[in-house]
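Okay, structure first, notes after.
Derivation of every value follows stated rules applied to the coordinates shown; laboratory data play no part. Just so it is clear, the model here is predicted, and its values are computed rather than measured. Cβ sites come from the backbone with ideal geometry, for glycine too, and all protein chains shown count toward neighbours.
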Amino acid sequence: MKTLLLMRHAKSDQINGDTDEQQRPLTPKGERRAMEMGAWIQKKEMIPQFILASTSQRACRTAQLVAEASGYAGEFRFEETLYMAKADELLKVLQGLPDEIERVMIVGHNPGLESLIPLLAHKVEALPFAGVAVLRLPVKKWAALKPKTKAKLVDLWRAKKISSKVDVTPIGEESPAAVEA
């Protein structure tokens, strides 16, 4: 049984005339929500073994913040093919993963991530900014993952709802424990 965490990038700034779409940075609130989600992933003991992320700045930064806040120490793979990928393209990437990886996270974009949920779990769910859908996949090999796979949507974490349940210190600030010590 494999576990798939689908995470939509955190809230990013809007584009202006000088900004390339792929270079949009996270807002300060987006950075905080990504860190909160990382802390939540750690609290729920769902730290992935491997993180795949789109090459857009907002997805890369989201993945980095989640990794830092969750204690993830593994490798990242940033893939251009994940930028605005459709559900079938996401499946192809997953099918190519090594079978020793049991839990993987993809950090990417809608509508692709959001459309992968009903394709695999037969359930329509919205995936908001910094949201994470946790799917259990009844396969032993990633290559066996198909559109007809009957995955189970185990959880859907919305950053807005978990923000009051975790405590994270913004990057560059000392934690209260560090200040007191």
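Worth pointing out:
- Protection proxy ranking, peptides 49-62, 101-114, 118-131, average beta carbon neighbours within 10 Å, highest first: 49-62, 101-114, 118-131
- Inter-label distance for S164 and F78, nm, one decimal - labels placed 7 Å from Cα along Cα-to-Cβ: 3.6
- Within the shell of other residues whose beta carbon sits under 15 angstrom from the beta carbon of K152, the net charge comes to +4, with Lys and Arg scored +1 and Asp and Glu -1.
- Each label was represented as a point 7 Å from its Cα along the Cα-to-Cβ direction; for T149 and E45 these points are 2.4 nm apart.
- Charge tally for G30 (other residues, Cβ to Cβ under 9 Å; Lys, Arg +1; Asp, Glu -1): +4.
- Computed from label points 7 Å out along Cα-Cβ, the spacing between Q22 and D99 is 3.4 nm.
- Sorting 140-149, 20-29 by their mean Cβ neighbour count within 10 Å, with the most densely packed peptide first, gives 20-29, 140-149.
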